[in-house]
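Here is the structure we will look at, set down as structure tokens.
The values are calculated or read from the model by the stated rules, or taken from the named source; none is laboratory data. Computed from a prediction, not measured in an experiment: that's the story for all the values here. Cβ sites come from the backbone with ideal geometry, for glycine too, and all protein chains shown count toward neighbours. For accessibility, only protein heavy atoms count, side chains too; no ligands or nucleic acids. Shrake-Rupley method; radii C 1.70, N 1.55, O 1.52, S 1.80 Å.
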Amino acid sequence: MSAAAPAPVRGGTDISRLLGLGTRGAQLILAVYIASNIAFVASTADVLDHVWASYAAVALVTAGGVVVTRPHPDPFPLGLTFAVLGIVVASTALVLYALPDSGTLGRATWYLGANTWLLWFLILRRRARLAWAGGLVMVAETMVWAELSGRGALDGLVLAMPQVLLLVIATLFGGALRRSTWRINALARRSVDAAAAAGGVEAARRIQDQRADELAEVVVPALTLLASGKALDDAEREEIVRVEAQLRDSVRGHGLALPPIVAAATRARSRGVNVTLLDDLGAPLSSAENAAVVRAVEKALDAAADGSVTVRLLPSGREDMLTIVSLGGDEVRRVAVPSGAGG
């Protein structure tokens, strides 16, 4: 009966929120609905054969009104849906039992509008097929009562037909409302994605600026010294070599260019150790993994007295995330840090 619509985004706006079912306005509408039904029964009590049945029906539809206006993520719970449908069927039977077989009915058939109001909410809350089933049962009950009372089944159909048209309107309106809800959620999702992307770009820009500042702090003094054209002493040459090594580390070993590792590499190079840092991962590590890497690299570099040390972050998917190969004389040592270490 209703056009299929995408389900609302989890945690996003749904029809219940869009209708404001938890607001004071919704409570006021419910109060008016209840008072109107009671007024219709009271004003037509003199034409009813069994007034108690109509009042019992009022109690049922009042409970139904409270149920269908409960704030709840859509679709409306199946158990509560069947409870409302039971109220529609039972209240219809009670009012029909109370009605006289002849004479003008007027507002005594208030159950049609009251139950249609319940079914309307079920349709809006994504239970359209079941709501239509309940509406057709209500129409069938009315036609059977009209036939048995001598009014004729056609009169019963005419009596209930406006409610069928209201269900059609509710179905169309519900479909449009669901599409609007989907668009709202899609727009909200795009806004969140755009904000996240903008935040990522801004974070990347800040990191680039930080790297540029760090690079300038290290490189500019050395470049200024070279540009001066003066003769360099041994200490200045060693400083330029150190700067060149640090610059190389920041490019080839980006993920390893952490302050403790840079300091350990500087100490090792001052002892004549050839240190090479390589980052073949190209992605940030977790804080626990970084801590494990720093511990392993510092230990290996501080233990090296001469020769060379090659530290490499391995590509993702490997059993190990880091290898350290130390060459000293005829001795070769290899240390591996397994993936997920420190977690």
Inset, instruction - Kindly list the number of the only condition in (1) modelled with pLDDT of 90 or more; (2) surrounded by fewer than 21 Cβ atoms within 10 Å (Cβ to Cβ) that fails for THR109. - result: (1)
Legend entry - Single condition GLU298 does not satisfy, out of (1) at pLDDT below 90; (2) closer than 16 Å to GLY253 by Cα: (1)
Inset, instruction - State whether one or more residues within the range 179-194 are open to solvent by 60 Å² or more (accessible area, probe 1.4 Å) and assigned to a loop (DSSP other than H, G, I, E, B). - result: no
Legend entry - Residue within the range 107-114 that is in contact (Cβ under 8 Å) with a residue 24 or more places away in the chain, touching a helix residue (DSSP H, G or I) at 6+ places or on another chain (Cβ under 8 Å), within 20 Å of SER43 (Cβ to Cβ) and of a type in the set (Lys, Arg) present: yes
Inset, instruction - Mind counting the residues in the range 261-314 that are open to solvent by 50 Å² or more (accessible area, probe 1.4 Å), part of a helix (DSSP H, G or I) and more than 18 Å from ALA245 (Cα to Cα)? - result: 4
Inset, instruction - State the number of residues belonging to the range 24-43 that are polar (S, T, N, Q) and open to solvent by 70 Å² or more (accessible area, probe 1.4 Å). - result: 2
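Residues are listed down the side, and each one gets a yes or a no for (1) assigned to a helix (DSSP H, G or I); (2) of a type in the set (A, V, I, L, M, F, W, C); (3) over 34 Å from the mean Cα position of the chain (by Cα):
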position	(1), (2), (3)
ARG70	no, no, no
PRO73	no, no, no
LEU80	yes, yes, no
LEU96	yes, yes, yes
ASP101	no, no, yes
ALA108	yes, yes, yes
LEU118	yes, yes, no
VAL137	yes, yes, yes
GLU147	yes, no, yes
Legend entry - Hits in the range 86-106 (condition: open to solvent by 20 Å² or more (accessible area, probe 1.4 Å) and not charged (D, E, K, R)): GLY86, ILE87, VAL89, ALA90, ALA93, LEU94, TYR97, SER102, GLY103, THR104, LEU105, GLY106
Inset, instruction - State whether one or more residues within the range 126-144 are more than 24 Å from VAL67 (Cα to Cα) and among the acidic types (Asp, Glu). - result: no
Inset, instruction - Sort out which residues of the range 19-77 are of a type in the set (Phe, Trp, Tyr) and farther than 18 Å from LEU112 by Cβ, and write them in order of number. - result: TRP52, PHE76
Inset, instruction - Working only within the range 228-260, note down all residues that are over 44 Å from the mean Cα position of the chain (by Cα), among the charged types (D, E, K, R) and either closer than 24 Å to ASP320 by Cβ or part of a helix (DSSP H, G or I) (or both). - result: ASP234, GLU236, ARG237, GLU238, GLU239, ARG242, GLU244
Inset, instruction - Please go through the range 223-260 and pick out each residue that is among the acidic types (Asp, Glu) and open to solvent by 70 Å² or more (accessible area, probe 1.4 Å). - result: ASP233, ASP234, GLU238, GLU239, GLU244
